[in-house]
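K.L.:
Sending over a structure as structure tokens; questions will come in a sec.
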């Protein structure tokens with residue numbers, strides 16, 4: 001994604017945005033870790049922190065960012081509350097660090113861990 005001003009432009013890669021979103025997600029209470037985007041296919045693995053971005057999908061629509069997260073949550077915690085917290089945290093951090101607006105965030109709970 002590119003932002004232009006009088007002096008030039010700033011370009012931020014999908015990987016950089018995914019790193020920000022992944023780190024913000026794993027900092028939220030109730031999140032065990034990120035799962036690979038292919039986790040929907042039946043194979044679930046918790047990604048190590050340096051690979052958090054592999055559990056994040058980034059697309060651009062109308063000069064805004066669309067984020068899709070794949071997470072593993074702790075059991076005995078209300079999933080909707082964890083998801084709302086993740087959405088608020090990720091939106092705030094991505095917008096603050098990149099300067100671009102977030103259009104939508106989807107949270108996919110791939111697994112629940114005991």
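K.L.:
Scanning for something buried (at least 17 other Cβ atoms within 10 Å of the Cβ) and out of contact with any strand residue (DSSP E or B) (no Cβ under 8 Å at 6 or more places or on another chain), does segment 27-47 turn up at least one residue?
P.N.:
Yes.
K.L.:
Go through segment 1-91 and tell me which strands (runs of 3 or more DSSP E), entirely inside it, have 2 or more residues that are in contact with a helix residue (DSSP H, G or I) (Cβ under 7 Å, 6 or more places away or on another chain) and at pLDDT 95 or above. Let's see the steps before the verdict.
P.N.:
Details: elements: 2-5, 8-11, 31-34, 56-61, 64-74.
Where strands (runs of 3 or more DSSP E) fall fully within segment 1-91 and carry at least 2 residues being in contact with a helix residue (DSSP H, G or I) (Cβ under 7 Å, 6 or more places away or on another chain) and at pLDDT 95 or above, they are 64-74.
K.L.:
Spot the failing condition for residue 23; the list is (1) closer than 20 Å to residue 101 by Cβ; (2) surrounded by fewer than 16 Cβ atoms within 10 Å (Cβ to Cβ), and only one is missed.
P.N.:
Of the numbered conditions (1) closer than 20 Å to residue 101 by Cβ; (2) surrounded by fewer than 16 Cβ atoms within 10 Å (Cβ to Cβ), the odd one out for residue 23 is (2).
The values are calculated or read from the model by the stated rules, or taken from the named source; none is laboratory data. Just so it is clear, the structure is predicted and the values come from calculations on it, not from any experiment. Cβ coordinates were reconstructed from backbone atoms using ideal geometry, including for glycine residues, and neighbour counts include every protein chain displayed.
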